[in-house]
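Shown next, in structure tokens, is the structure this report addresses.
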């Protein structure tokens with residue numbers, strides 16, 4: 001029996017993870033959970049699964065849940081990292097949203113854990129730091145949960161990087177793939193949240209609409225699989241059945257297909273290399289009719305182009321890009337700026353980002369994150 005710590009237990013990935021654990025309760029025990037402020041949802045999970053440890057990132061929510069459950073509830077970043085380091089924990093599922101997921105990932109690695117990673121910001125912000133931490137802690141390893149990175153992980157199956165010609169990351173294209181750029185100034189929050197395929201949290205849905213999410217996935221793929229940016233491509237695939245592809249140097253093109261159901265990559269991340277039964281929809285190829293692919297329009301989706309630029313520049317630029325985007329998406333959701341302001345302001349922050357050479361440290365990453373947030377908030381107020 002493996003004890004699972006689920007960080008981000010009430011979001012879409014967290015909910016799907018709970019279902020996978022429930023389907024394999026003979027193998028996995030939901031040992032600890034964390035969330036931001038959804039007291040009622042966490043209380044339900046704790047009672048149903050007899051969860052032993054709990055953390056709420058929001059301090060007030062932690063106190064409320066403590067009264068509700070009559071048990072100690074950890075709080076804040078300190079609490080998240082305590083769960084990530086728990087000696088009884090075998091697997092840490094990091095399904096936290098945004099930069100908050102970075103420190104718990106690093107803590108888990110430092111304590112030799114298996115990290116099932118859905119928090120792409122960890123790799124975007126601090127990829128070189130993660131490389132260093134994994135090298136220092138050989139017992140620890142990461143399995144990806146993002147459907148695209150899970151697909152690449154499965155296609156590679158441990159093959160060396162030298163055999164890879166390029167990675168091809170698929171993108172649904174979001175709700176605006178067929179909109180003319182002239183209409184982008186009119187995009188509303190409701191428009192951007194209307195994703196044609198996936199049901200996700202608000203932040204990642206907006207990122208999908210701007211294709212920043214795909215840009216973050218490019219950086220994550222670079223750091224997870226040690227593949228240069230020149231060998232990473234993005235292709236729009238509206239049906240979202242092919243989750244990504246790997247072109248090998250012998251001309252073989254490997255693809256991973258599956259229904260758009262996050263329980264599949266979650267289970268792969270938890271059980272690899274074993275393949276266990278899973279109650280989910282199966283693809284029936286004759287009924288798919290057709291699968292289409294085309295190149296993304298980088299003129300319309302500036303965020304994708306900016307992410308490639310941030311990756312190539314390296315240093316603290318990816319961390320600053322990510323922080324700026326998080327602030328801007330939050331402001332867009334509140335109605336404080338236009339959708340087209342997101343790439344415009346991200347570009348401004350990146351243009352002012354200093355070049356950092358040499359060994360990247362965690363302190364540099366965290367300082368860059370904080371500075372980018374401060375500068376972005378000032379841009380919005382201006």
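Results, tabulated for the structure shown:
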{"read-out": "The stretch 259-273 - residue that is assigned to a helix (DSSP H, G or I) and touching a helix residue (DSSP H, G or I) at 6+ places or on another chain (Cβ under 6 Å) and, of those, surrounded by the fewest Cβ atoms within 10 Å (Cβ to Cβ)", "value": "263"}
{"read-out": "Residues located in the stretch 209-227, provided they are in a loop (DSSP other than H, G, I, E, B) and within 16 Å of residue 171 (Cβ to Cβ)", "value": "211"}
{"read-out": "Residue check for residue 371: modelled with pLDDT of 95 or more, over 24 Å from residue 234 (Cβ atoms) and not in a loop (DSSP other than H, G, I, E, B)", "value": "yes"}
{"read-out": "Counted residues, the stretch 120-136 - those being without any contact (Cβ under 8 Å) to a residue 40 or more places away in the chain and in contact with a strand residue (DSSP E or B) (Cβ under 8 Å, 6 or more places away or on another chain)", "value": "2"}
{"read-out": "Selection from the stretch 31-46 of residues that are assigned to a helix (DSSP H, G or I), surrounded by fewer than 20 Cβ atoms within 10 Å (Cβ to Cβ) and touching a residue at least 12 places away in the same chain (Cβ under 8 Å)", "value": "41, 43"}
{"read-out": "Residue match in the stretch 279-288 (condition: part of a loop (DSSP other than H, G, I, E, B), without any contact (Cβ under 8 Å) to a residue 40 or more places away in the chain and surrounded by 15 or more Cβ atoms within 10 Å (Cβ to Cβ))", "value": "yes"}
{"read-out": "Lone unmet requirement of (1) at pLDDT 95 or above; (2) surrounded by fewer than 22 Cβ atoms within 10 Å (Cβ to Cβ); (3) more than 30 Å from residue 19 (Cβ to Cβ); (4) touching a helix residue (DSSP H, G or I) at 6+ places or on another chain (Cβ under 8 Å) for residue 276", "value": "(3)"}
{"read-out": "The one condition in (1) surrounded by fewer than 21 Cβ atoms within 10 Å (Cβ to Cβ); (2) part of a helix (DSSP H, G or I) that residue 250 fails to fulfil", "value": "(2)"}
{"read-out": "The stretch 122-168, subset under 14 Å from the mean Cα position of the chain (by Cα) and in a strand (DSSP E or B), residue surrounded by the most Cβ atoms within 10 Å (Cβ to Cβ)", "value": "144"}
{"read-out": "Selection within the stretch 19-40 - in contact with a strand residue (DSSP E or B) (Cβ under 7 Å, 6 or more places away or on another chain), farther than 16 Å from residue 104 by Cβ and modelled with pLDDT of 95 or more", "value": "21, 27, 28, 29, 30"}
{"read-out": "Long-range neighbours under 8 Å by Cβ, at least six apart or interchain, first residue at pLDDT below 95 within the stretch 234-249, second assigned to a strand (DSSP E or B)", "value": "240/170; 241/257"}
{"read-out": "Among the residues listed as 328, 304, the single one being within 19 Å of the chain's Cα centre (by Cα) and either closer than 25 Å to residue 235 by Cα or surrounded by fewer than 22 Cβ atoms within 10 Å (Cβ to Cβ) (or both)", "value": "304"}
{"read-out": "Residue list for the stretch 50-99, filter: part of a helix (DSSP H, G or I), more than 20 Å from residue 116 (Cα to Cα) and in contact with a helix residue (DSSP H, G or I) (Cβ under 8 Å, 6 or more places away or on another chain)", "value": "59, 61, 62, 64, 65, 68, 69, 76"}
{"read-out": "Residue 24 being on the phi < 0 side of the Ramachandran plot, free of Cβ contacts under 8 Å to residues at least 60 places away in the same chain and surrounded by fewer than 21 Cβ atoms within 10 Å (Cβ to Cβ)", "value": "no"}
{"read-out": "Yes/no for residue 14 being modelled with pLDDT of 95 or more, crowded, with 22+ Cβ neighbours inside 10 Å and out of contact with any helix residue (DSSP H, G or I) (no Cβ under 8 Å at 6 or more places or on another chain)", "value": "yes"}
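The values are calculated or read from the model by the stated rules, or taken from the named source; none is laboratory data. Predicted model only: the values in this text are computed from it and were never measured. Heads up, the Cβs are rebuilt from the backbone with ideal geometry, glycines too, and the neighbour counts pull from every protein chain shown.
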